[in-house]
């Protein structure tokens with residue numbers, strides 16, 4: 001019985017496999033240990049393999065592609081409706097096998113190892129920046145308890161160095177030693193984040209797609225490199241609006257009975273990309289307001305009509321659509337005359 005479609009519920013150790021033949025009848029229904037997976041599919045004729053886009057799915061997709069199989073990844077929320085009755089690993093594999101054959105299903109492009117590595121740099125940098133902000137807020141709060149107010153993060157390290165070295169101030173010795181330890185930890189986190197940022201910038205200068213994306217106002221090297229490795233195949237989106245919706249920069253819709261009702265932005269998709277684009281749009285709006293022709297720009301006019309944050313999200317949405325056009329056409333950004 002020839003297997004044509006296979007659904008795999010991937011895990012750390014035990015993989016559940018459900019396959020059907022051309023008539024839709026069950027041809028495979030078994031579980032495999034991790035070391036048995038590649039050997040099993042190496043002996044299987046070429047077929048369509050469906051998996052959920054989750055942890056290690058890109059790795060397994062690349063392995064199955066090397067064996068000659070066609071692999072399609074799907075978002076877990078799109079597979080959920082096909083799960084019958086209760087949830088278990090067997091039913092998950094069956095649901096994946098059913099969902100991958102649907103003509104209207106949306107698929108996630110498979111990332112290469114290099115793209116995953118660059119995205120890992122972004123994730124690690126994001127964690128370090130969050131730790132840096134959390135550490136600075138903790139230090140500022142502790143200093144405030146002793147009546148010491150620091151204007152901001154830029155002056156934090158110099159202030160901590162002065163307080164920890166000054167033995168004549170009223171701070172207890174135990175607290176001065178604590179401040180010195182926290183200062184060293186804060187500087188270490190900052191240095192590691194800067195090193196990761198230098199690695200991202202080095203990759204950005206070598207990648208043509210990332211350099212072209214950075215020509216968009218409000219899209220710097222960090223945002224451009226994140227977009228370049230996240231949007232691996234622009235052809236998977238019909239137009240720029242779909243990319244903006246995938247990032248979560250469009251209103252959430254709750255319409256019924258012919259009455260359209262639009263809410264706030266959906267916040268679906270990649271929150272990291274959305275945050276980068278929104279921060280870039282905020283910088284664009286601030287800079288346009290300072291230019292001589294700034295009040296007459298599209299962004300400034302929109303900010304006067306609507307709330308400031310609505311204008312920022314609109315600019316971020318416009319930048320996402322411009323990014324799709326650049327990736328799709330292989331061009332650079334050209335400002336409107």
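The values are calculated or read from the model by the stated rules, or taken from the named source; none is laboratory data. Since we're looking at a predicted model, the values are computed, not measured. Neighbour counts run over all protein chains shown; Cβ positions are idealised from the backbone, glycine included.
Restricting attention to the range 123-141, does a residue exist that is within 20 Å of residue 186 (Cα to Cα), surrounded by fewer than 11 Cβ atoms within 10 Å (Cβ to Cβ), over 20 Å from the mean Cα position of the chain (by Cα) and outside the structural domain of residue 38 (by TED's automatic domain parsing)? Yes, the range 123-141 contains a residue that is within 20 Å of residue 186 (Cα to Cα), surrounded by fewer than 11 Cβ atoms within 10 Å (Cβ to Cβ), over 20 Å from the mean Cα position of the chain (by Cα) and outside the structural domain of residue 38 (by TED's automatic domain parsing). Is there any pair linking a residue in the range 163-181 that is touching a residue at least 24 places away in the same chain (Cβ under 8 Å) to one that is in a helix (DSSP H, G or I), with Cβ under 7 Å and at least six apart or on different chains, and which? Filtered contacts from the range 163-181: 171/163; 179/160; 179/163; 179/164. What number goes with the only condition from (1) assigned to a helix (DSSP H, G or I); (2) surrounded by 19 or more Cβ atoms within 10 Å (Cβ to Cβ); (3) within 17 Å of the chain's Cα centre (by Cα) that residue 285 does not pass? Failed condition: (3). Of the listed requirements (1) assigned to a helix (DSSP H, G or I); (2) surrounded by 14 or more Cβ atoms within 10 Å (Cβ to Cβ), residue 105 misses just one: (1).
Checked against (1) without any contact (Cβ under 8 Å) to a residue 24 or more places away in the chain; (2) touching a helix residue (DSSP H, G or I) at 6+ places or on another chain (Cβ under 8 Å), residue 255 passes all but condition (2).
Quick test for you: out of 168, 162, 188, pick the one residue that is exposed (fewer than 14 other Cβ atoms within 10 Å of the Cβ) and part of a loop (DSSP other than H, G, I, E, B).
The unique qualifying residue is 168.
Would you be able to say whether some residue in the range 291-311 is outside any loop (DSSP other than H, G, I, E, B), over 20 Å from residue 78 (Cα atoms) and in contact (Cβ under 8 Å) with a residue 40 or more places away in the chain? No, every residue in the range 291-311 fails to be outside any loop (DSSP other than H, G, I, E, B), over 20 Å from residue 78 (Cα atoms) and in contact (Cβ under 8 Å) with a residue 40 or more places away in the chain. Any residue in the range 210-232 that is within 15 Å of residue 330 (Cα to Cα), surrounded by fewer than 16 Cβ atoms within 10 Å (Cβ to Cβ), at pLDDT 90 or above and more than 17 Å from the chain's Cα centre (by Cα)? There is at least one residue in the range 210-232 that is within 15 Å of residue 330 (Cα to Cα), surrounded by fewer than 16 Cβ atoms within 10 Å (Cβ to Cβ), at pLDDT 90 or above and more than 17 Å from the chain's Cα centre (by Cα). Where strands (runs of 3 or more DSSP E) fall wholly inside the range 1-101, the ranges with 1 or more residues that are surrounded by fewer than 21 Cβ atoms within 10 Å (Cβ to Cβ) and in contact (Cβ under 8 Å) with a residue 12 or more places away in the chain are 14-20, 26-33, 48-52, 70-74.
For the range 207-233, the tally of residues that are more than 18 Å from residue 316 (Cα to Cα) and assigned to a helix (DSSP H, G or I) stands at 4.
Step by step: first the residues of the range 140-162, then only those that are more than 12 Å from residue 182 (Cα to Cα) and touching a helix residue (DSSP H, G or I) at 6+ places or on another chain (Cβ under 6 Å), then the one that is modelled with the highest pLDDT. Which residue is that? Here the residue is 150. Quick check: anything in the range 51-73 touching a strand residue (DSSP E or B) at 6+ places or on another chain (Cβ under 7 Å) and more than 21 Å from residue 99 (Cβ to Cβ)? No, there is no match, as no residue in the range 51-73 is touching a strand residue (DSSP E or B) at 6+ places or on another chain (Cβ under 7 Å) and more than 21 Å from residue 99 (Cβ to Cβ). Name the residues in the range 52-65 that are more than 14 Å from residue 233 (Cβ to Cβ) and either in contact with a helix residue (DSSP H, G or I) (Cβ under 9 Å, 6 or more places away or on another chain) or in the same structural domain as residue 236 (by TED's automatic domain parsing) (or both), would you? 52, 54, 59, 60, 62, 63, 64 - these are the residues of the range 52-65 that are more than 14 Å from residue 233 (Cβ to Cβ) and either in contact with a helix residue (DSSP H, G or I) (Cβ under 9 Å, 6 or more places away or on another chain) or in the same structural domain as residue 236 (by TED's automatic domain parsing) (or both). How about the range 149-159: which of its residues are surrounded by 14 or more Cβ atoms within 10 Å (Cβ to Cβ) and free of Cβ contacts under 8 Å to residues at least 24 places away in the same chain? Within the range 149-159, 150, 153, 159 meet the criteria.
Considering the range 171-185 alone, what residues qualify as being more than 22 Å from residue 128 (Cα to Cα) and exposed (fewer than 14 other Cβ atoms within 10 Å of the Cβ)?
172, 173, 174, 177
Scanning the range 312-334 turns up no residue that is within 24 Å of residue 119 (Cβ to Cβ), outside any helix (DSSP H, G or I) and either without any contact (Cβ under 8 Å) to a residue 24 or more places away in the chain or within 17 Å of the chain's Cα centre (by Cα) (or both).
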